[in-house]
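First comes the structure, then the notes that go with it.
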Amino acid sequence: TTLSAWLAAIFAAQGRKVHLLDHDPQATLARHPPVGVEVSTVDDPPKEGIDLLVCDTPPYLRDELNWLLASADLILIPLKASPLDIEAAASTVELIQREGITAPVRFVLNMVRPGKIADETLEALQVYEIPVCKTLIPERVAYVRGMLDGTLSDRNAWEYIESLGNELIELLYVQQND
């Protein structure tokens, strides 16, 4: 949820019209939206005048989200650097493969602490044959604290999300021009 929120905020700060679809049953984003980003909890957000639609889903995809996968231009699977998260990602990857999704899929490591576990996680993810985003998002209190008022005031935290956002925009741009 925090990753969805801050990516949407970055895209909005770059001048893009962004809509955030909160499809997580907790509906955290509907209660704590990032400043400058329109949020809805409905399955059919406005389709005109939007440059990017960022969807926040439950931590592990379920079959009722097939329609969302089928219409996505890019699918991110956020994980913590943990063997348990790697194991849990299997059901998401299986669903994506079973549905024959053609959109690019990327893992993004979130809440990363430097050290051996991060390296081991990167190595273990290779079994899925899904690329991992180059930008790793470190663990920072600012990502969670900023959700309370919708702003991310920690410049370093902002720069990590901005780097990931730029990486994703480049991926979308390359995909649209292929």
Solvent exposure, largest accessible area first (probe 1.4 Å, DNA, RNA and ligands not counted), of HIS23, HIS32: HIS32, HIS23
- prompt: Sorted by accessible area (1.4 Å probe), largest first, how do CYS133, CYS55 line up?
  reply: CYS55, CYS133
- line: Check: in the chain the Lys pairs 8 or more apart or on separate chains whose Cα atoms fall under 24 Å apart number 4
task: Roll a 1.4 Å probe over the protein chains and send me the accessible area per residue for the chain in Å².
output: 56
- line: Residues whose built amide H sits under 5 Å from the amide H of HIS32, excluding neighbours closer than 5 in sequence, are none
- request: List every residue whose amide H lies under 5 Å from the amide H of CYS55, counting only residues 5 or more places away in sequence or on a different chain, with H placed 1.01 Å from N in the peptide plane.
  value: LEU21
- request: Give the long-range amide H neighbours of VAL39: residues separated by 5 or more places, or on another chain, with amide H under 5 Å away, using H modelled in the peptide plane at 1.01 Å from N.
  value: LEU20
Loop-exposed GluC sites (Glu not before Pro) per DSSP, neighbour cap 16 Cβ within 10 angstrom, longest uninterrupted part of the chain: 49-98
query: So what does LYS80 come to for accessible area, using a 1.4 Å probe and Å² rounded to 10?
result: 90
- prompt: Semi-axes, largest first, in whole Å: what does sqrt of 5 times each Cα gyration tensor eigenvalue give for the chain?
  reply: 23, 21, 16
In order through region 101-116: 3J(HN,Hα) via Karplus (6.51 cos²θ - 1.76 cosθ + 1.60), integer Hz, x for Gly, Pro: 5, 9, 5, x, 10, 9, 7, 10, 7, 10, 6, 7, 9, x, x, 4
- line: Rounded to the nearest 10 Å², the accessible area of VAL132 using a 1.4 Å probe with every protein chain kept is 40
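The values are calculated or read from the model by the stated rules, or taken from the named source; none is laboratory data. Just so we're clear, the structure is a prediction, and the values are computed from it rather than from any experiment. Note: ideal-geometry Cβ built from the backbone for every residue, glycine included; neighbour counts use all protein chains shown. With ligands, DNA and RNA removed, areas are computed over all heavy atoms of the protein, side chains included. Shrake-Rupley method; radii C 1.70, N 1.55, O 1.52, S 1.80 Å.
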